[in-house]
Amino acid sequence: MSKSFAAALAACVLTVCALVATSAAHADVKAGVDAWNQGDYARAVNEWRPLAIGGNADAQFNLGQAYKLGRGVPVDLPVALEWFRKAAEQGHEKGADNYGLLLYQQGRLEDSIPYIKVSAERGEPRAQYVYATALFNGDITQKDWVRAYALMTRAAQAGVTQATTSLGQMDQYIPAAQRQEGLAMATAMARSHTPASAPAPQLAQAAPAAAPAPVVPPRVHPEVPPAPAVSRAPAPAAPAVAAAGPEPRPPVIKRNPRPQPAAAPVPAPAASGRYRVQLGAFREQGRAPALWKNLSGRVSGLSAFQPSYVLTNGLTRLLVGPLASVSEAQRLCGRITPTGTPCVVQGN
């Protein structure tokens, strides 16, 4: 497998969390979920924002969902990341899942792996896929082919289609004895994880104050046992954040790679143009040049364009261009987004 997979993930689900001070807070979280499920995203955000600022982890997680999906607010991945971080720090299990996966998508690999490892060990399929790839490659964590095969098997069983492809690639290199150990480990993992009876709901919803807390699976990394707050919103019409971004790409075998299809033509850079594409916004200035160096070596034709680093509200934005039209910018994004990097068209 190639280290190029390390920056190729795209990512968010929910859970119970955090103590709530009053029954009004419970009601407001639920009111926001009800508004969201009715398509009134702006009202949902308005219900959650004061609670999130006040420290309610369910509301923090829900705001992260809104900013990631761009519902009720503009898409803003750095803001979504911050709300997921706040929820994760309070022990919000799915907030921690989403925080780790979004860190990984942003290229912050060392920061993301501790969260992804915990999520994978708890049974989160996307995290299992990512962590299994890292264990197979041995690039950002110690190589362990037995555990890699076990986790990839669990991810494939959960429906992550790329995991099935990756298992086929692993079969070419992992000895049969280690594969058998991995399958036995996967069986043990299946017994230790509580299977979900239905897809996880998209938003965290507090229960009425009088309702007792149900028994929930053990919490990890770190999880505060909730008071009477539960995650049991009705299934929303909108897709969960877990499916909002591109699915992670399968790992690429280092030896004897399979032939790849010819790359689609990339728009030639215009001599001048009023459009650019944004590929990320980072608090640490060095991350924008690092992302450009990584992508320009991986995306065919991208190095012909000019990167710009724009400081806005404490964030360094990576902009690439110029492009003469929206359609050309969208075509360029079409080449970039399969790497798992967000790409947004910007006009001057």
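The values are calculated or read from the model by the stated rules, or taken from the named source; none is laboratory data. In this text the structure is predicted, and so the values were computed from the model without any measurement. Cβ placement follows ideal geometry from the backbone for every residue including glycine, while neighbour counts extend to all protein chains displayed.
The residues of segment 120-140 that are surrounded by fewer than 24 Cβ atoms within 10 Å (Cβ to Cβ), assigned to a loop (DSSP other than H, G, I, E, B) and of a type in the set (D, E, K, R) amount to a single one, Asp139. The residue of segment 76-114 that is nearest to Ala281 (Cα to Cα), among those that are hydrophobic (A, V, I, L, M, F, W, C) and touching a Lys or Arg at 6+ places or on another chain (Cβ under 7 Å), is Leu77. Would you mind finding the one in Glu89, Glu82 that is of a type in the set (D, E, K, R) and either more than 19 Å from Ala288 (Cα to Cα) or buried (at least 24 other Cβ atoms within 10 Å of the Cβ) (or both)? Unique residue meeting the criteria: Glu89. Screening Lys143, Lys117 for residues that are basic (Lys, Arg) and part of a helix (DSSP H, G or I) leaves exactly one candidate, Lys117.
Specify the residue that is farthest from Asp111 (Cα to Cα); the eligible residues are those in segment 260-283 that are at pLDDT 80 or above and not hydroxyl-bearing (Ser, Thr, Tyr). So the residue we want is Arg276. Evaluation of Ala27 against the conditions (1) part of a helix (DSSP H, G or I); (2) more than 29 Å from Val344 (Cα to Cα); (3) at pLDDT 90 or above shows that the sole unmet condition is (3).
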